[in-house]
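The values are calculated or read from the model by the stated rules, or taken from the named source; none is laboratory data. Bear in mind that the values here come from a model prediction, so they are computed numbers and not experimental data. Cβ: placed from backbone, ideal geometry, glycine included. Neighbour counts: every protein chain shown. Please note that ligands, DNA and RNA were not included when accessible areas were found on the heavy atoms of the full protein model with its side chains. Shrake-Rupley method; radii C 1.70, N 1.55, O 1.52, S 1.80 Å.
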Amino acid sequence: MMTTILLMACITFFTRYLFLHRALPFKVGPKMQQFLSFSAPAVLTAIWVPIVFVTDDGINLDWQNPYLSAAIAAIIVAYKTHNIYYTTLVGMGLFLILN
């Protein structure tokens, strides 16, 4: 078990080391940079979509869903203000009120 954890830690370290270390002759081209620019939104979407929409009974699109209401409010605030602090405060605040 410990060997597996150490090997996975080494794999994770070295795959990131190749991209981040400046002395290595490896350069990411513009097409790869554009491709990698989609990875953060894809990962974040994969995290929040099941939290907001999926329950034990299936998909919940009801307005009584506090996750959905807070997410819609956060989207509106993010679009209007472009401020991450306001967006976080409104989303979390509304979720706490509704929950």
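Worth pointing out:
- Summing +1 for each Lys or Arg and -1 for each Asp or Glu among the other residues whose beta-carbon sits under 15 angstrom from that of N65 gives -3.
- Once the Cβ-Cβ distance of Y85 and V43 is raised to the sixth power relative to R0 = 25 Å, the FRET efficiency obtained is 0.70.
- From the coordinates of this entry, volume of the Cα convex hull per residue in Å³ is computed, and it appears in (i) 137; (ii) 197; (iii) 294 under the label (ii).
- Size of electric dipole in the chain: Cβ of Lys, Arg +1 and of Asp, Glu -1, about Cα centre, debye, nearest 20: 720 debye
- On a per residue basis, the chain carries 88 Å² of accessible surface, using protein heavy atoms and a 1.4 Å probe.
- Here the chain has 72 percent of its accessible surface on carbon and sulfur atoms, given a 1.4 Å probe and all protein chains in place.
- Summary value for the chain: 15 percent relative contact order, contacts being C-alpha pairs under 8 angstrom separated by 6+ residues.
- FRET efficiency, F26 to N99 (Cβ-Cβ, R0 30 Å, nearest 0.05): 0.05
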